[in-house]
Amino acid sequence: MLDSNYEDFKKNVLALTKIDLNCYKEKQMRRRINTLITKNKLKSYDDYVKLIKTNTEKFEEFINFLTINVSEFYRNTDQWKLLDKEIFPKLVEGKRQIKIWSAACSTGDEPYSIAMALSNHTSLSNLKIIATDIDKQVLSQAKVGLYNSKSVSGVPDDMKRKYLTKVGASYKVADEIKNCVEFKEHNLLKDPYPTDCDMIVCRNVVIYFTDEAKDEIYRKFYKSLKKGGYLFIGSTEQIMNYKDMGYLRHSSFFFEK
């Protein structure tokens, strides 16, 4: 048992890194941090805080330990260019509030990318993004908003300067972007869907379901969209009977209600 207060440790880490450990599962996080402390032959959380304050290499080790890379920002850059040039201008036209659902959002790279990209077209205060996933662990990571350099490599330089802060070798998403996104646990196969969405983003997930399940999900997405709303799917996916569902196809991955 480490002879220090974990609550104080969390406060110290927040002050040092702006990373809130309350967003992580405590039992698992304490166990992993204890392993790091033991590895460094220390006896307390206080000792470990002193170490990462004074030793750059150990600070980097700690930050990298907190960073989990599952997805990436601005994945498939050509699709984001099309979003920026053709879809987003139509999406925001005549609207004060924009509601977007990022389904199966994983570690949050995608909803944060959406907020950044849309900031060129509307005020962030007008934007509400519901980001859902079935996995509580990735949602916990998403809420923290900390990513390694590989995850954010596709972020345009102006967005990176404006909305990402370097913490060691990693990057933390700005609060003004995080405040646009609400993360929730959700099962696409059984839970009720959000309604009145201007856009739904669900990429490279439905491909893993049966044809029957895919059909049901795409029909539910259609009902969840406002008229004129868009569904953004992965480039590995297809909606073969999109006309029967009522969609208008703009490309192989953008469909309008």
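Rule-based calculations on the coordinates, nothing more; no lab input. From a predicted model like this one, the values you see are computed outputs, not experimental measurements. Reconstructed Cβ throughout: ideal geometry from the backbone, glycine too, with neighbour counts over all protein chains shown.
Report, in listed order, any pair from Lys162/Lys184; Lys99/Lys162; Lys128/Lys184 with a Cα-Cα distance greater than 19 Å. Write out the running numbers ahead of the final one.
Working: Lys162/Lys184 26 Å; Lys99/Lys162 23 Å; Lys128/Lys184 13 Å.
Result: Lys162/Lys184; Lys99/Lys162 exceed 19 Å.
Taking just the alpha-carbon atoms of region 1-147, what radius of gyration and Dmax come out, in angstrom?
Final numbers for Rg and Dmax: 19.2, 61 Å.
Could you go through region 105-115 in sequence order and give the Karplus-derived ³J(HN,Hα) for each residue, using 6.51 cos²θ - 1.76 cosθ + 1.60 with θ = phi - 60°, rounded to whole Hz, and x for Gly and Pro?
Per residue, the Karplus-derived 3J(HN,Hα) values read 7, 6, 7, x, 4, 6, x, 5, 4, 4, 4 Hz.
Quick one: which residues, 5 or more positions from Gly154 or on another chain, have an amide H under 5 Å from its amide H? H modelled 1.01 Å from N in the peptide plane, none for Pro or chain starts.
For Gly154, the qualifying residues are Phe73.
Using helices alone, I'd like the mean residue ellipticity at 222 nm for the chain: each DSSP H run of four-plus residues gives -39500 (n - 2.57), total over residue count, nearest 500.
Helix-only estimate at 222 nm: -11500 deg cm²/dmol.
Of the candidates Gln137, Gln79, Gln28, which one comes out as most mobile in a Gaussian network treatment of the chain with C-alpha springs shorter than 10 Å?
Maximum among the listed residues: Gln28.
So if I place +1 on the C-beta of Lys and Arg and -1 on the C-beta of Asp and Glu, and nothing else carries charge, what would the dipole magnitude of region 8-122 be about its Cα centre? I want it in debye, nearest 20.
Numbers: 21 positive and 15 negative charges, 105 e Å.
Computed about the Cα centre, the dipole is about 500 debye.
Once a ≥ b ≥ c are taken as the square roots of the eigenvalues of the Cα gyration tensor of region 6-66, is the result rounded (a/c under 1.5), prolate (a/b larger than b/c) or oblate (a/b not larger than b/c)? Don't jump to the answer; show the numbers that get you there.
Working: a/c = 1.41, a/b = 1.16, b/c = 1.22.
Cα axes put region 6-66 in the rounded bin.
At q = 0.21, 0.23, 0.25 Å⁻¹, what is the log10 ratio I(q)/I(0) for region 110-164, with the Debye formula run over Cα points and no solvent?
-0.92, -1.05, -1.15
Hull surface divided by four, with the convex hull built on the Cα atoms of the chain: how many nm²? Each step should come with its number before you reach the end.
Working: hull surface 58.2 nm².
With the hull built on Cα positions only, its mean projection is 14.5 nm².
When a/c reaches 1.5 or more, the comparison of a/b and b/c decides; with that in mind, is region 121-257 rounded, prolate or oblate per its Cα gyration tensor?
On the way: a/c = 1.92, a/b = 1.73, b/c = 1.11.
It is prolate, given that a/c is not under 1.5 and a/b is the larger ratio.
Bin by bin, in steps of 5 Å, what percent of the Cα pairs in region 196-257 do you find, going until the bin that has the longest distance?
Pairs per bin, as whole percents: 4, 20, 34, 29, 11, 1.
At 20 °C and a viscosity of 1.002 mPa s, what translational diffusion coefficient does Stokes-Einstein give for region 63-149, taking Rh as the Kirkwood radius over Cα pairs? Give it in µm²/s as a whole number.
Estimated via Stokes-Einstein, D reaches 155 µm²/s.
As an exercise, use a Förster radius of 41 Å and the Cβ-Cβ distance of Ser235 and Asp8 to find the FRET efficiency, rounded to the nearest 0.05. Don't skip to the answer; put the middle values down first.
Values: r = 48 Å, r/R0 = 1.16.
Approximately 0.30, to the nearest 0.05.
Enter the Cα centre distance for the pair region 212-226 and region 233-252, rounded to the nearest angstrom.
When both Cα centres are located, 11 Å separates them.
Of Lys58/Lys178; Lys143/Lys190; Lys10/Lys136; Lys95/Lys166; Lys81/Lys257, which pairs sit farther than 30 Å apart, going by alpha carbon to alpha carbon? Intermediate results must be reported in sequence, preceding the final value.
Working: Lys58/Lys178 28 Å; Lys143/Lys190 24 Å; Lys10/Lys136 21 Å; Lys95/Lys166 34 Å; Lys81/Lys257 21 Å.
Too far apart for the 30 Å limit: Lys95/Lys166.
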